[in-house]
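Trainee: Sharing a structure here in structure tokens format.
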2 protein chains.
Amino acid sequence: MSETSSFAVILIRPQLGENIGMVARAMLNCGLTDLRLVRPRDGWPSEKARASASGADIVIDNVQVFETTEDAIADLNFILATTARTRDMTKGVFTPEGAAKELRNRTDGGGNSGILFGRESAGLDNDDIALADAAITVPLNPDFTSLNLAQAVLLIGYEWYKWADKTPDHDLVMPSDTRPAERQEVLMMLEHLESELDARGFLRPVEKRPVMVRNIRNVFWRAGFSEKEVRTFRGIITALTKHKRRY
Amino acid sequence: MSETSSFAVILIRPQLGENIGMVARAMLNCGLTDLRLVRPRDGWPSEKARASASGADIVIDNVQVFETTEDAIADLNFILATTARTRDMTKGVFTPEGAAKELRNRTDGGGNSGILFGRESAGLDNDDIALADAAITVPLNPDFTSLNLAQAVLLIGYEWYKWADKTPDHDLVMPSDTRPAERQEVLMMLEHLESELDARGFLRPVEKRPVMVRNIRNVFWRAGFSEKEVRTFRGIITALTKHKRRY
């Protein structure tokens with residue numbers, strides 16, 4: 001990801017150093033590094049922030065501190081404001097996913113964006129919200145919406161990161177020493193199993209044999225075998241059909 | 001949301017009560033209430049957990065504690081295991097979004113699902129992962145993937161909540177005492193502005209007037225006026241065209 005496709009996280013009057021650190025950690029989880037603080041209550045730098053950043057030093061080291069929200073956003077051209085409440089304003093409101101799309105679209109065109117987050121106890125002032133192009137509200141359980149600061153940053157950063165991420169929704173992952181089994185390998189394993197079951201009279205009566213075989217096969221297809229697992233299961237069939245040894 | 005469409009969050013050997021509380025808070029944010037603990041290091045109940053749950057008492061009050069992972073998942077029929085690392089196993093791996101779809105599909109059919117989360121310092125043991133149908137890995141900055149426990153729960157719960165949520169990606173929200181302006185209301189405001197500009201010789205030369213008018217109008221269309229804002233702006237035009245009063 002290039003620097004130009006990123007956005008700034010701007011914390012307005014954050015109270016606890018720990019929370020600033022957790023924000024830095026959540027940002028770096030999502031590949032974000034531009035953290036700006038407006039009048040942090042306990043000053044800056046903060047050793048508590050560094051400790052709770054859990055190694056996100058690159059974010060902590062690059063923090064910029066400002067006296068006013070206006071100063072903090074002066075070089076940006078698209079600003080969003082996070083808010084849990086519906087305010088007495090006419091304003092565009094994005095979900096985190098909608099905001100991620102909008103930020104990606106804008107920053108691909110070379111813009112500089114930023115997102116405002118209010119202080120822990122009270123959120124953003126209406127005057128700060130009025131400085132933003134639009135708002136972001138995270139849709140959550142309406143009976144319990146209070147998110148801590150780092151979690152709000154994480155959800156928005158995560159949607160932004162996800163927008164460029166190509167990980168498939170579901171994938172069969174296996175060790176590097178094997179590969180998905182070919183159809184014929186699994187069929188030979190199934191025929192091995194079925195021949196041993198035939199030899200023991202399990203697949204009877206004969207008119208029921210086709211449906212029994214199909215039902216057994218379906219279990220194995222659902223499992224999605226690797227080549228190595230096929231070999232293991234052929235060994236299992238062989239072991240089960242041996243006479244028990246006494247040790 | 002009905003109880004049956006939910007899933008259990010199962011923390012395996014969690015270490016800090018604070019983290020259990022933050023998990024409870026993140027769960028309730030997403031409408032989840034079934035929290036199960038396997039051998040919490042500092043015992044249960046935990047006053048630290050209750051304090052850091054920030055009001056998610058319903059989750060804390062319903063916590064169930066178990067001796068083994070097997071006991072904790074005995075009544076469930078679909079289990080996912082969260083892991084940041086690619087393990088030496090052949091296993092299906094979901095993203096949080098993919099897992100959310102799968103859980104929704106399964107629980108709509110009446111199943112009971114659960115998600116395993118490992119302890120803060122080390123994640124899940126391979127034996128616990130081997131008890132799960134599939135894994136979940138959150139795609140994040142590969143150079144900095146460490147998520148705290150509550151954040152991992154939050155991201156998965158958020159995707160699950162989002163799957164049933166109908167909030168539009170972007171919406172124009174306004175106070176209840178107004179409504180979106182009708183086209184004619186905005187056009188009359190624009191004509192008011194343009195006639196005042198004509199009267200002052202601003203829209204000249206005459207052959208440039210059409211393009212100047214179009215450019216001005218585009219700014220106002222982008223803004224998406226409410227009916228109340230149209231009235232405010234007509235007042236502004238009137239005020240600006242008055243002679244200055246001296247006080």
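Trainee: Checking the condition hydroxyl-bearing (Ser, Thr, Tyr) and touching a Ser or Thr at 6+ places or on another chain (Cβ under 6 Å), which residue from B:90, B:69 passes?
Mentor: Details: B:69 fails: touching a Ser or Thr at 6+ places or on another chain (Cβ under 6 Å).
Answer to the check: B:90.
Trainee: Which one is nearest to the other protein chains (Cβ to nearest Cβ) among residues in region B:46-78 that are over 19 Å from residue B:23 (Cα atoms), without any contact (Cβ under 8 Å) to a residue 60 or more places away in the chain and of a type outside the set (S, T, N, Q)? Full working, then the answer.
Mentor: First, the residues of region B:46-78 that are over 19 Å from residue B:23 (Cα atoms): B:67-68, B:70-71, B:74-78.
From the residues that got through so far, the ones that are without any contact (Cβ under 8 Å) to a residue 60 or more places away in the chain too are B:67-68, B:71, B:74-75, B:77-78.
Still in the list and also of a type outside the set (S, T, N, Q): B:67, B:71, B:74-75, B:78.
Values: B:67: 30, B:71: 26, B:74: 22, B:75: 22, B:78: 13 Å.
Per the criteria, the residue is B:78.
Trainee: Has region B:228-241 got at least one residue that is charged (D, E, K, R), in contact with a helix residue (DSSP H, G or I) (Cβ under 7 Å, 6 or more places away or on another chain) and outside any loop (DSSP other than H, G, I, E, B)? Steps first, answer last, please.
Mentor: In the first step, residues of region B:228-241 are kept if they are charged (D, E, K, R); the result is B:228-229, B:231, B:234.
Filter once more, keeping what is in contact with a helix residue (DSSP H, G or I) (Cβ under 7 Å, 6 or more places away or on another chain): B:234.
From the residues that got through so far, the ones that are outside any loop (DSSP other than H, G, I, E, B) too are B:234.
Within region B:228-241, one or more residues are charged (D, E, K, R), in contact with a helix residue (DSSP H, G or I) (Cβ under 7 Å, 6 or more places away or on another chain) and outside any loop (DSSP other than H, G, I, E, B).
Trainee: While we're on this one: Can you tell me which residue in region A:58-95 is nearest to residue B:222 (Cα to Cα), limited to those that are of a type in the set (Phe, Trp, Tyr) and modelled with pLDDT of 95 or more?
Mentor: The qualifying residue nearest to residue B:222 (Cα to Cα) is A:94.
Trainee: Condition first: small (Gly, Ala, Ser), open to solvent by 60 Å² or more (accessible area, probe 1.4 Å), within 19 Å of residue A:16 (Cβ to Cβ) and within 13 Å of another protein chain (Cβ to nearest Cβ). Can you find one or more residues in region A:115-126 that meet it? Before you say what the answer is, go through the steps one by one.
Mentor: As a first pass, look at region A:115-126 and keep what is small (Gly, Ala, Ser): A:118, A:121-123.
Among the residues that remain, those that are also open to solvent by 60 Å² or more (accessible area, probe 1.4 Å) are: A:121.
Add one more test, that the residue is within 19 Å of residue A:16 (Cβ to Cβ), and what stays is A:121.
In the following step, the residues that additionally are within 13 Å of another protein chain (Cβ to nearest Cβ) were identified as A:121.
Scanning region A:115-126, I find at least one residue that is small (Gly, Ala, Ser), open to solvent by 60 Å² or more (accessible area, probe 1.4 Å), within 19 Å of residue A:16 (Cβ to Cβ) and within 13 Å of another protein chain (Cβ to nearest Cβ), so the answer is yes.
Trainee: Further, regarding this structure: Select from region B:79-100 the residues that are of a type in the set (Gly, Ala, Ser) and assigned to a strand (DSSP E or B) and write down the one among them that is farthest from the other protein chains (Cβ to nearest Cβ).
Mentor: This residue is B:81.
Trainee: Across region B:127-144, what is the total count of residues that are away from chain A (no Cβ under 12 Å) and either more than 22 Å from residue B:41 (Cα to Cα) or hydrophobic (A, V, I, L, M, F, W, C) (or both)?
Mentor: 3
The values are calculated or read from the model by the stated rules, or taken from the named source; none is laboratory data. Just so it is clear, the model here is predicted, and its values are computed rather than measured. So basically every Cβ, Gly included, is an ideal-geometry build from the backbone, and we count neighbours across all protein chains shown. Accessible surface is based on the protein model in full, side chains and every heavy atom, while ligands, DNA and RNA are left aside. Shrake-Rupley method; radii C 1.70, N 1.55, O 1.52, S 1.80 Å.
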